[in-house]
Amino acid sequence: MQHRTEVEAADALAHTYRQITGEIGKVIIGQHEVIKFVLISIFSNGHCLLVGVPGLAKTLLVQTVAQVLDLDFKRIQFTPDLMPSDIIGSEILGEDRTFKFIPGPVFSNIILADEINRTPPKTQAALLEAMQEKAVTAAGITHRLAQPFFVLATQNPIEQEGTYPLPEAQLDRFMFNVALDYPSFKEELQVVRNTTSTLKPEVDKLLTASQIIYFQQLVRNIPVADNVLEYAVKLVAKTRPNNEMAPPQVKRLLNWGAGPRASQFLVLGAKCHAVINGKYSPDIEDIRAIAPSVLRHRIVRSYHAEAEGLSADDIIQQLF
């Protein structure tokens, strides 16, 4: 997919984004913000963590995105007895007495890691290594993963018994932490009407893997003004209690702030956010639009914040 100029390419991405959301909207009622962040993370070559109660169509959303983007899709249900080899694959002895590598479900374009906090750290780490390196190593041999490669992990915020919360260093691998909320009354009415009938909407395939990789490269090439870059880095620096830029309330409300990866994802996400909204370069509004989803899983609240009932989002709003 070649366009004569970067402006034409940016226009093509904005047009394609509108087409994709239209197709997804045939199946998924509402959840516009969630769909937006999932698509931004795909076009920014990142991964996404969805936090929401059961029954909010998380699995259906990922399946639909995979269909519209014409990508290979695998769902892994994380359970306490899941082993690393169940994800990445394993070596087996063949009939010719030599070991052969049998690829696991991670060898796919889109992975839905369902309830990632239900499995022990060893298995979580196997997936997170694949996310970072875009490859897995078995018996000393490195196997490259398919491109594009995108992990969408889900967590249930209610049940915390028998779970293994992801450590901060592993949460940091996710570009976005997206909170799913209940649908509005009108949306739920439409969901129930559609899902209790024989209606089976068909979605069109709009992109190929090579076109997605082309758009990922395009997003990286979007220019950013120095003041926007500085705003992003300053915003992240303000979350660090020991930083001179941190306001007094941050020093009191946070134990730890976000690392440099947050600044990188803020700028990348803002570039994509700008393009899908018809702009050719991000501004401060684009940074602010995606900042809560980039920062909420990268800051650690203090005892004072928890005692005052302040969420991560409340503290991020104070930074603005």
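Quick look at the numbers
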read-out: Residue match in segment 284-301 (condition: more than 20 Å from the chain's Cα centre (by Cα) and closer than 30 Å to TYR17 by Cα); value: yes
read-out: Scope segment 10-28; condition within 15 Å of VAL203 (Cα to Cα) and out of contact with any Pro (no Cβ under 7 Å at 6 or more places or on another chain); matching residues; value: THR16, TYR17, ARG18, GLN19, ILE20, THR21, GLY22, GLU23, ILE24, GLY25, ILE28
read-out: Answer from ALA270, ALA274, ALA305 - the residue that is of a type in the set (Gly, Ala, Ser), in a helix (DSSP H, G or I), over 22 Å from MET175 (Cα atoms) and in contact with a helix residue (DSSP H, G or I) (Cβ under 6 Å, 6 or more places away or on another chain); value: ALA305
read-out: ALA113 surrounded by 21 or more Cβ atoms within 10 Å (Cβ to Cβ) and among the aliphatic types (A, V, I, L, M); value: yes
read-out: Set LYS134, LYS100: member being outside the structural domain of VAL300 (by TED's automatic domain parsing) and out of contact with any Gly (no Cβ under 6 Å at 6 or more places or on another chain); value: LYS134
read-out: Qualifying position, being among the acidic types (Asp, Glu) and over 26 Å from HIS297 (Cα atoms), among GLU187, GLU129; value: GLU187
read-out: Of all residues in segment 228-249 being over 12 Å from PHE320 (Cα atoms) and among the β-branched types (Val, Ile, Thr), the one that is surrounded by the fewest Cβ atoms within 10 Å (Cβ to Cβ); value: VAL233
read-out: ARG296 being in contact with a His (Cβ under 6 Å, 6 or more places away or on another chain) and in contact (Cβ under 8 Å) with a residue 24 or more places away in the chain; value: no
read-out: Tally, over segment 102-123, of residues that are part of a helix (DSSP H, G or I) and more than 29 Å from THR208 (Cα to Cα); value: 5
read-out: Counted residues, segment 19-49 - those being within 20 Å of GLU187 (Cβ to Cβ) and part of a helix (DSSP H, G or I); value: 16
read-out: Candidates ILE35, ILE88, ILE28, ILE40, filtered to the one that is over 19 Å from GLU115 (Cβ atoms), in contact with a Gly (Cβ under 6 Å, 6 or more places away or on another chain), of a type outside the set (S, T, N, Q) and not assigned by TED's automatic domain parsing to the domain that holds SER281; value: ILE40
read-out: Some residue of segment 58-73 being closer than 28 Å to TYR280 by Cα and surrounded by fewer than 20 Cβ atoms within 10 Å (Cβ to Cβ); value: yes
read-out: Test: residue in segment 54-69 that is in contact (Cβ under 8 Å) with a residue 40 or more places away in the chain, in a helix (DSSP H, G or I), closer than 30 Å to HIS143 by Cα and among the charged types (D, E, K, R); value: yes
read-out: Any hit, segment 70-83, residues being over 17 Å from the mean Cα position of the chain (by Cα), in a strand (DSSP E or B) and modelled with pLDDT of 85 or more; value: yes
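So that you can scan it fast, the table gives a plain yes or no per residue for (1) of a type in the set (D, E, K, R); (2) in contact with an Asp or Glu (Cβ under 8 Å, 6 or more places away or on another chain):
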residue: GLY55; (1), (2): no, no
residue: ALA66; (1), (2): no, yes
residue: ARG75; (1), (2): yes, yes
residue: ILE92; (1), (2): no, no
residue: ASN109; (1), (2): no, yes
residue: ALA113; (1), (2): no, no
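The values are calculated or read from the model by the stated rules, or taken from the named source; none is laboratory data. No experiment lies behind these values; they were computed from the predicted model shown. With ideal geometry, Cβ positions are generated from the backbone for all residues, glycine too; neighbour counts draw on all protein chains shown.
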